[in-house]
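The values are calculated or read from the model by the stated rules, or taken from the named source; none is laboratory data. Here the structure is a predicted model, which is why all the values come from computation and not from measurement. Neighbour counts are summed over all protein chains in view; Cβ atoms, including those assigned to glycine, are modelled from backbone coordinates with ideal geometry.
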Amino acid sequence: MSHFTRIRTKLRDADVLVEALRTVGYDHVEVHDEPATLYGYQGDARPERAEVVIRRAHIGPASNDIGFARQPDGSFEAIISEYDRHRHDPAWLTRLSQSYAHAATLRYAAEHGYEVATDELQQDGTRRLTLRRTN
């Protein structure tokens with residue numbers, strides 16, 4: 001039975017989080033209005049619960065579910081097993097946060113009358129995004 005680690009994030013919007021998870025390679029993400037049970041690698045129900053869930057079948061053999069639980073302040077807390085921390089480490093969370101920021105910016109731009117003029121991923125991993133007002 002793996003120990004689950006909880007990691008605070010600044011991520012707040014479930015839809016943008018799902019888009020960011022897709023960007024980092026997870027196409028099968030569940031979103032629940034109420035927290036859903038997370039399962040261990042043997043299919044055992046764990047006490048941890050989360051509103052945004054990547055099921056173990058979509059992570060890899062011997063993996064546990066990964067969850068993002070809504071906190072009282074509105075942010076999500078990542079719930080990752082000790083076993084899966086080798087792959088879902090701080091660098092992975094940084095990439096996820098960058099993807100989240102990119103998706104949130106694109107959503108804001110679309111909702112406020114901007115179009116993307118340029119969207120370039122730099123060699124150092126940073127992204128240069130230029131927006132132009134459409135009206």
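Details
- Residue count for region 79-107, restricted to those that are out of contact with any strand residue (DSSP E or B) (no Cβ under 8 Å at 6 or more places or on another chain), farther than 30 Å from PHE4 by Cα and without any contact (Cβ under 8 Å) to a residue 60 or more places away in the chain: 0.
- Among the residues listed as ALA110, ALA69, the single one being small (Gly, Ala, Ser) and either under 14 Å from the mean Cα position of the chain (by Cα) or under 16 Å from ARG12 (Cα atoms) (or both): ALA69
- Residue ID - farthest from the chain's Cα centre (by Cα), chosen from residues in region 1-19 that are in a helix (DSSP H, G or I) and not hydrophobic (A, V, I, L, M, F, W, C): ASP15
- With respect to the stated conditions, GLU51 is in a strand (DSSP E or B), within 25 Å of LEU106 (Cβ to Cβ) and either of a type in the set (D, E, K, R) or at pLDDT 95 or above (or both).
- Positions within region 54-68 being of a type outside the set (D, E, K, R) and in a loop (DSSP other than H, G, I, E, B), in sequence order: ILE59, GLY60, PRO61, ALA62, SER63, ASN64
- Among the candidates ALA104, ALA117, residue that is in contact with a helix residue (DSSP H, G or I) (Cβ under 6 Å, 6 or more places away or on another chain) and hydrophobic (A, V, I, L, M, F, W, C): ALA104
- Picking from residues in region 20-38 that are in contact (Cβ under 8 Å) with a residue 40 or more places away in the chain and within 11 Å of the chain's Cα centre (by Cα), the one that is nearest to ASP65 (Cα to Cα) is LEU21.
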